[in-house]
Amino acid sequence: MSTPPSGARYDSGFYPMHLALLSVASNVLPVAWWTPVSKDPFRFLVAIDRKNHSLQLLRRCGEAALHFFPWSERERVIRAGYTSGRKRDKASRLGFALEPAVCLAETRVVRGADVVFELRVRREVDDGDDAGDHAPFLFDVVHVHRGTRPAMGAPLLFLGWRDFATLGERWRFRP
Ligand SMILES: Cc1cc2nc3c(=O)[nH]c(=O)nc-3n(C[C@H](O)[C@H](O)[C@H](O)COP(=O)(O)O)c2cc1C
């Protein structure tokens with residue numbers, strides 16, 4: 001992997017990020033590096049570390065589900081980021097109940113999330129020689145399970161390293 005000559009060293013000054021739990025087939029992993037990139041069509045971009053077992057699963061099945069869990073579920077969501085599903089059934093070991101998705105063939109949805117976005121891979125964004133340590137995937141949203149809006153409750157925010165928080169003060173801007 002080559003670094004562009006003008007590139008700066010990684011800096012975590014952009015946190016906090018809203019932590020999601022991604023399911024791919026029957027495996028689960030927390031992801032902080034995700035973002036919406038289009039409203040119409042509705043699309044998300046998610047960056048997957050090339051070392052993760054989920055990368056192979058994603059390339060094989062071409063689908064995933066992005067879940068947002070409340071603060072009260074933080075322990076097992078975060079724990080899913082400290083073990084791999086390569087050799088063991090991580091989801092059931094952590095007590096996640098998996099259910100069939102509405103639009104996805106192989107990927108299952110985890111019960112109890114505030115909101116879930118079912119995703120189908122549109123493209124793996126890869127710059128060949130310039131590829132970074134995470135593989136960015138562009139997804140089409142194919143179904144939304146609407147529940148509690150995380151912004152109205154207690155979302156799980158990742159502050160970087162091993163630190164997490166939820167919302168404190170709220171303020172509505174009135175232009
Ligand atoms: C708070 C947190 C955020 C993470 N964010 C990402 C992420 O955005 N992308 C990613 O690929 N891995 C991320 N990880 C790491 C994976 O969740 C971790 O490597 C996981 O064990 C991979 O599981 P797998 O090998 O079963 O795919 C994160 C881990 C934690 C604890």
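Does the stretch 68-87 contain any residue that is in a strand (DSSP E or B) and at pLDDT 95 or above?
yes
Restricting to strands (runs of 3 or more DSSP E) lying wholly in the stretch 90-164: which have 1 or more residues that are under 15 Å from F44 (Cα atoms) and within 17 Å of the chain's Cα centre (by Cα)?
Of the strands (runs of 3 or more DSSP E) lying wholly inside the stretch 90-164, those with at least 1 residues that are under 15 Å from F44 (Cα atoms) and within 17 Å of the chain's Cα centre (by Cα) span 115-124, 134-145.
Collect the residues in the stretch 51-64 that are more than 20 Å from R76 (Cβ to Cβ) and not in a strand (DSSP E or B), keeping them in residue-number order.
Residues satisfying the conditions are K51, L55, Q56, L58, R59, R60, C61, G62.
Of the numbered conditions (1) under 22 Å from M17 (Cβ atoms); (2) in contact with a helix residue (DSSP H, G or I) (Cβ under 7 Å, 6 or more places away or on another chain), F117 fails exactly one; give the number of that condition.
(2)
Here are some conditions: (1) more than 27 Å from G168 (Cα to Cα); (2) near the ligand (Cβ under 10 Å from one of its atoms); (3) surrounded by fewer than 16 Cβ atoms within 10 Å (Cβ to Cβ). R60 meets all but one. Which one does it not meet?
(2)
What's the total number of residues in the stretch 33-52 that are closer than 15 Å to F137 by Cβ and within 9 Å of the ligand (Cβ to nearest atom)?
Looking only at that region, the number is 8.
Anything in the stretch 30-50 that is among the basic types (K, R) and either part of a helix (DSSP H, G or I) or touching a residue at least 24 places away in the same chain (Cβ under 8 Å) (or both)? List them, or say none.
Within the stretch 30-50, R43, R50 meet the criteria.
Among the residues of the stretch 79-102, count how many are near the ligand (Cβ under 10 Å from one of its atoms) and buried (at least 19 other Cβ atoms within 10 Å of the Cβ).
4
With the structure loaded, tell me whether L19 is more than 15 Å from F139 (Cβ to Cβ) and either modelled with pLDDT of 95 or more or touching a Gly at 6+ places or on another chain (Cβ under 9 Å) (or both) or whether it fails that test.
Taking the combined requirement at face value, the residue satisfies it.
Six or more apart or on different chains, Cβ atoms under 8 Å: show the pairs whose first residue is in the stretch 81-99 and of a type in the set (F, W, Y) and whose second is not in a loop (DSSP other than H, G, I, E, B).
Within 8 Å, the pairs are F96/V28; F96/R76; F96/V110.
The values are calculated or read from the model by the stated rules, or taken from the named source; none is laboratory data. Bear in mind that the values here come from a model prediction, so they are computed numbers and not experimental data. Please note: Cβ atoms are built from the backbone with ideal geometry, for glycine as well, and neighbour counts cover all protein chains shown.
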